[in-house]
């Protein structure tokens, strides 16, 4: 049975969504969940749910890393935080993966230093899945684990992103593109031009440079960029989605349409909302660390936690790290 350690104290509304999401995951996915955090608070939330027959246990942690804590300082000073203890469970092979909706910088710092990185990986990468216009899912990485990256780092991101896509979305030959300011090879900066040349020789279906508009086109499955650009792109997309939802909601309320038309519009609105709802994707995996680590939004609800556990369990079952090591070894040999 796959075991996932959940940082029960990390999110904005912890531990309520963490506990409820863990109960849902244990019931629907058949996984074992270790809820890490302050026992009294976790037990209070667990008492609200029927967990008979479910494999859920509580692992005590006396400290909590808040969203306001500085990642490096929190790593050094809060050694018994819920995310520290959860990461140690993975390091000690008592859990197959870690899920946290806590302070992203702190979770990444803890994962990198307590779990360590894979032997062939120089920099870890945060991969963000999102829906595209063709009804599928595209993945953007890195979206914030690294501010500055070298060409070899982006090549590794491409390999890790492709392996993650294969394992999670079932596509054996995902199309990989490099985010740039134009599709032509001459476009871009020094970094993207060198990465483009290197990816041409990589063992993957590389389609070349792609533009910002291709993030949602569905013509490419894995989009590679450095963390600075990726984080800005991700935040713009999130803000745009929220803005569009606000405008649609306002339009539905104010439009002078027939009652039937209003009902149909509301049905379409709900369908669209479900399609692009971040909670359906769970969270972003931190690729390149030893073990599985999935980081969710701070505002994650129970559905998001459940799906983050689903993603973590899927990556553990797929032996993602072993496949990344094998593929990166081949890339190194070719280079």
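Taken together, the values in this text are just the output of simple stated rules run on the coordinates, not laboratory data. Remember, it's a predicted structure, so these values are computed and weren't measured experimentally. Because the Cβ atoms are built from the backbone with ideal geometry, glycine has one as well, and the counts that use them run over all protein chains shown.
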(request) Would you please give the FRET efficiency between residue 173 and residue 70, computed as 1/(1 + (r/R0)^6) with r the Cβ-Cβ distance and R0 = 56 Å, to the nearest 0.05? (result) 0.85
(request) Once you have the Cα-Cα distance between residue 219 and residue 190, take 0.36 nm times their residue separation minus that, and quote the gain in nm to one decimal. (result) 7.9 nm
(message) Using a 7 Å offset from the Cα along the Cα-to-Cβ direction at both residue 232 and residue 181, what is the distance between the two label points in nm, to one decimal?
(response) 1.0
(message) Could you give the length gained by full extension between residue 244 and residue 49, i.e. 0.36 nm per residue of separation minus their alpha carbon distance, to one decimal place?
(response) 66.7 nm
(request) Using Cα pairs closer than 8 Å and at least 6 residues apart in sequence, work out the relative contact order for the chain, in percent. (result) 23
(request) Using a 10 Å cut-off on Cβ atoms, rank the peptides 174-181, 81-88, 112-119 from the highest mean neighbour count down. (result) 81-88, 174-181, 112-119
(request) Give me the percent of DSSP beta bridges within the chain that run antiparallel, rounded to the nearest 5. (result) 25
(message) Rg over Rh of the range 94-193, using C-alpha atoms and the Kirkwood radius, what does it come to?
(response) 0.98
(message) How many angstrom lie between the Cα centre of the range 1-78 and the Cα centre of the range 85-107?
(response) 11
(request) State, as an integer percentage, the relative contact order of the range 129-201 based on alpha-carbon contacts under 8 Å between residues 6 or more apart. (result) 24
(request) With an 8 Å cut-off on Cα pairs and a minimum separation of 6 or more residues, tell me the relative contact order of the range 75-201 in percent. (result) 15
(message) With n ≥ 4 as the cut-off for DSSP H runs, can you work out [θ] at 222 nm for the chain, using -39500 (n - 2.57) per run divided by the number of residues, rounded to the nearest 500?
(response) -14500 deg cm²/dmol
